[in-house]
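The values are calculated or read from the model by the stated rules, or taken from the named source; none is laboratory data. Because the structure is a prediction, the values reported are computed rather than measured. Virtual Cβ from ideal backbone geometry, glycine too; neighbours counted across all protein chains shown.
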Amino acid sequence: MRARRDAAAAALPEWERLRERAAAIRRHTLANLGAYLEEFERNATRLGAHVHWARDAAEHNAIVEGILRERGVRRAVKSKSMLTEECGLNAHLEARGIEVVDTDLGERIVQLRREPPSHIVLPAVHLRRQEVGALFHEHLGSAAGLDDPAELAEVARRALRAAFLGAQAGLTGVNFALAESGGLVICTNEGNADLGMTLPPLHVACLGIEKLLPRAADLAVFLRLLARSATGQAITAYSSHVHGPRPGGELHVVLVDNGRSALLADAELRGALACIRCGACLNTCPVYRRSGGHSYATPVAGPIGSVLGAAREPERHASLPFACSLCGSCREVCPVRIDLPLQLVALRGRLRGRERTPRRLALRLAAAAMARPALFEGAARLARGLLAVLPESWWRRTPWGRGRARPPLPRRSFREEWRRRGR
Amino acid sequence: MRAALFVPCYVDQLWPEVALASADLLERFGVEVRFSPEQTCCGQPFLNAGLPAEARALAQRCAAAFEGEEPVVCPSASCAAMLRHQLPRLLGAGSAALAGRVYELCEFLVDELGVRAVGGRFPRRVGLQPGCHGVRELGLARPSERVGPDFDKVGALLASVGGLELVAAARGDECCGFGGSFSVEEPEVSCRMGLDRLAALEAAGAEVLTSTDASCLLHLRGLAERRGSALRMMHVAEILAGREPPP
């Protein structure tokens, strides 16, 4: 994915200027978010949409449930939406007797497995085709041993077609909401959002309040960046614009805060709200690529997920900001130039500040020694001596020595040698 | 010209030859090298470990040790990046003057002294594992993520050494997994990343592995030695100063 993204970016000589422009537009939008949200609400309402406001996940779920319940909806289809993952909408609706079928192929796969997506763009990237074949055999009645990707997609397509035709409502996420027109832009590669919002008479679109863009013209920047950053495509197969309900239909737009206002008020972290969920930082992250999306235990994995997760629930996700080598690759691929490493370091300071552990004490002692050159020199000489004589069994139990051989230790430090040479 | 040598604390204690080679190299190009024993640590390990107050106190000390007008030259891209980018954040605009005269060693040779070739001979195949902060914070090379003209200041200096063949490894500027506190917070992932880099560099035919950062090399050397790899680790200052590889 990273290589495809690089090739797609390199094909545009203006790539870096596009990123700067996108970052500036997102900064401006977030700085004026209140005004743009009100403008969006006015224009969307004028187009015939019903606009709802949800303070948190519970309110969001209750609003969506209410809309569906009032219209007697028992079966709904849903296209990809990280917001509804964040809010736990599927579980909420299923517990109340409303069936939701995810229609994005990857989402459908992880839904059948009853597990969360491991990637925001490629939800089932952690699975091999054989595992998908076994899953479809069990749930969709395909032949045992079928593992050809195209044939498996056809099996899913036939099963999903029935779900589309039987659905009484289509739920979708939103990629961009346009303040100046009240329109929504929804990007997919499978066209599943389009079927979901045009076949049933009811369309419920759920989005975080940060998804706003001021003008339709801004899409010229963001649609060029989004798919190239995500998958290396020039543009997603479908970039659908929704301006009001279809004739005879109903459109509800649910705007969700769920911690976003708090993040906006946080000067060190508000930049994370600029994220357009392309997944480029996941695809490049050397930690994500080795540990996988589920290890994060957050709705969004990878570098951006570590920031969002630890900002929202610091206690629960305290380890995430530390699970990063600060290589900076995420910042460089990010189409909206979010300085993720800087945010992760800021979060480390907040999280570690609460700790009372031996490691923290040791670090503070080291810092105190470093503040006095003579003490530093003496303590370091002692440590070098100890390091040389402590048994190998001890070394191999240390976090450093478990995988790495002990370094050869110099007889004299640089400062000792420099002095000895009379410099 | 005079320059203050900024010796990272771990180089001072664990790999002094890197700093000695740096001083030799600078002197070869007519620089009068000064070392203030008042310096200890720039504070980066503490900042990245989540102790900003401790980091600020050390950064303050570090800034005081480098008072004056001289350029400050450091054989570590990561520590140089700390002084250039984090010091103003930690200490305020007052430290901007220092931030503006801090250089990574190769950067100083190329940008300030105009060095294009260092001379000497090193007839071996060398793999460069560039420090992430050198590439992505100091701009010593075009980061692979960026679109723009190709350049590589460290690679160009190495390539100027007689007989030295610079080999290109796959995913050339991917992180080696050291990452400071990351190497002990998440040792399994850190080691996996390092082993993957070693495999890529070995596959490219490298005999000697070098970097702008001795910290990355200490991590990689520990991994290579544990596996009995034939790869030899040398800091870029050691190669440029004409040192021989370790046995």
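Against the test of being in contact with a Lys or Arg (Cβ under 8 Å, 6 or more places away or on another chain) and in a helix (DSSP H, G or I), the options A:321, A:407 yield a single qualifying residue, A:321. From the list B:61, B:125, the lone residue that is farther than 18 Å from residue B:7 by Cα and either in the same structural domain as residue B:221 (by TED's automatic domain parsing) or more than 19 Å from the chain's Cα centre (by Cα) (or both) is B:125.
Table: residues versus (1) touching a Ser or Thr at 6+ places or on another chain (Cβ under 9 Å); (2) at negative phi; (3) hydrophobic (A, V, I, L, M, F, W, C).
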site	(1), (2), (3)
A:342	no, yes, yes
A:346	no, yes, yes
A:350	no, yes, no
A:356	no, yes, no
A:360	no, yes, no
A:380	yes, yes, yes
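Picking from A:100, A:110, A:132, which residue would you name as being out of contact with any helix residue (DSSP H, G or I) (no Cβ under 6 Å at 6 or more places or on another chain), modelled with pLDDT of 95 or more and either surrounded by 19 or more Cβ atoms within 10 Å (Cβ to Cβ) or outside the structural domain of residue A:229 (by TED's automatic domain parsing) (or both)? The unique qualifying residue is A:110. Among the residues of region A:363-373, those that are aliphatic (A, V, I, L, M) and at the interface with another protein chain (Cβ under 9 Å from one of its Cβ atoms) comprise A:363, A:366, A:367, A:368, A:369, A:370, A:371. Scan region A:378-399 for residues that are more than 8 Å from every other protein chain (Cβ to nearest Cβ) and more than 43 Å from the chain's Cα centre (by Cα) and jot them down. The answer is A:378, A:379, A:381, A:382, A:385, A:386, A:388, A:389, A:390, A:391. Count of region B:202-230 residues, restricted to those that are more than 14 Å from residue A:402 (Cα to Cα), of a type in the set (A, V, I, L, M) and outside any loop (DSSP other than H, G, I, E, B), is 6. In region A:137-151, the residues that are assigned by TED's automatic domain parsing to the domain that holds residue A:163 reach residues that are exposed (fewer than 15 other Cβ atoms within 10 Å of the Cβ) and of a type in the set (S, T, N, Q) with C-beta atoms within less than 6 angstrom, at least six apart or across chains, in these pairs: A:147/A:130.
Residue-by-condition table, conditions (1) closer than 16 Å to residue B:185 by Cβ; (2) in a helix (DSSP H, G or I):
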{"position": "A:343", "(1), (2)": "no, yes"}
{"position": "A:351", "(1), (2)": "yes, yes"}
{"position": "A:369", "(1), (2)": "no, yes"}
{"position": "A:376", "(1), (2)": "no, yes"}
{"position": "A:385", "(1), (2)": "no, yes"}
{"position": "A:398", "(1), (2)": "yes, no"}
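Out of the residues in region A:340-383 that are touching a Leu at 6+ places or on another chain (Cβ under 9 Å) and not aliphatic (A, V, I, L, M), state the one that is nearest to residue A:321 (Cα to Cα). Per the stated criteria, the residue is A:348.
Within region B:80-197, considering only strands (runs of 3 or more DSSP E) that don't extend past its boundaries, which have at least 3 residues that are crowded, with 19+ Cβ neighbours inside 10 Å and touching a residue at least 24 places away in the same chain (Cβ under 8 Å)? Even if it seems obvious, please write down each step before you answer.
Values: elements: B:102-104, B:125-128, B:165-167.
Output list reads B:102-104, B:125-128.
Residues in region B:16-52 that are more than 7 Å from every other protein chain (Cβ to nearest Cβ), hydrophobic (A, V, I, L, M, F, W, C) and in a loop (DSSP other than H, G, I, E, B): B:29, B:31, B:42.
Residues of region A:312-342 that are more than 9 Å from chain B (Cβ to nearest Cβ), more than 18 Å from residue B:137 (Cα to Cα) and surrounded by fewer than 24 Cβ atoms within 10 Å (Cβ to Cβ): A:312, A:313, A:314, A:315, A:316, A:317, A:318. The single condition from (1) of a type in the set (D, E, K, R); (2) under 22 Å from the mean Cα position of the chain (by Cα); (3) within 14 Å of chain B (Cβ to nearest Cβ) that residue A:14 fails is (2). When every residue of region A:247-265 is checked against the conditions, none turns out to be within 13 Å of the chain's Cα centre (by Cα) and either assigned by TED's automatic domain parsing to the domain that holds residue A:53 or not aromatic (Phe, Trp, Tyr) (or both). Residues that are acidic (Asp, Glu) and either within 26 Å of residue A:296 (Cα to Cα) or more than 14 Å from chain A (Cβ to nearest Cβ) (or both) within region B:144-191 comprise B:145, B:152, B:165, B:173, B:174, B:185, B:186, B:188, listed in sequence order.
Conditions tested, residue by residue: (1) among the acidic types (Asp, Glu); (2) closer than 21 Å to residue B:48 by Cα.
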position: B:180; (1), (2): no, yes
position: B:185; (1), (2): yes, yes
position: B:213; (1), (2): yes, yes
position: B:236; (1), (2): no, no
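What about residue B:95, is it of a type in the set (Ser, Thr, Tyr) and at pLDDT 95 or above? No. Pairs meeting the criteria (first residue in region A:402-423 and facing chain B (nearest Cβ under 7 Å), second residue in a loop (DSSP other than H, G, I, E, B) and surrounded by 14 or more Cβ atoms within 10 Å (Cβ to Cβ), beta carbons under 6 Å, at least 6 apart or on different chains) are A:414/B:7; A:415/B:37; A:418/B:35. Whether a residue is crowded, with 19+ Cβ neighbours inside 10 Å, touching a residue at least 12 places away in the same chain (Cβ under 8 Å) and part of a helix (DSSP H, G or I) was assessed, and residue A:305 passes this test. When B:110, B:102 are checked against the criterion of being touching a strand residue (DSSP E or B) at 6+ places or on another chain (Cβ under 8 Å) and at pLDDT 95 or above, B:102 stands alone in meeting it. Restricting A:59, A:38, A:20 to residues that are under 16 Å from residue A:336 (Cβ atoms) and either surrounded by fewer than 18 Cβ atoms within 10 Å (Cβ to Cβ) or outside the structural domain of residue A:96 (by TED's automatic domain parsing) (or both) narrows the list to A:20. Evaluation of residue B:64 against the conditions (1) assigned to a helix (DSSP H, G or I); (2) surrounded by fewer than 18 Cβ atoms within 10 Å (Cβ to Cβ); (3) touching a Phe, Trp or Tyr at 6+ places or on another chain (Cβ under 8 Å) shows that the sole unmet condition is (3). Here residue A:67 passes the criteria (1) aliphatic (A, V, I, L, M); (2) under 28 Å from residue A:176 (Cα atoms); (3) crowded, with 20+ Cβ neighbours inside 10 Å except the one numbered (3). Just so you know, in region B:212-247 the residues that are surrounded by fewer than 23 Cβ atoms within 10 Å (Cβ to Cβ) and in contact with a Pro (Cβ under 7 Å, 6 or more places away or on another chain) include one that is farthest from the other protein chains (Cβ to nearest Cβ), and it is B:232.
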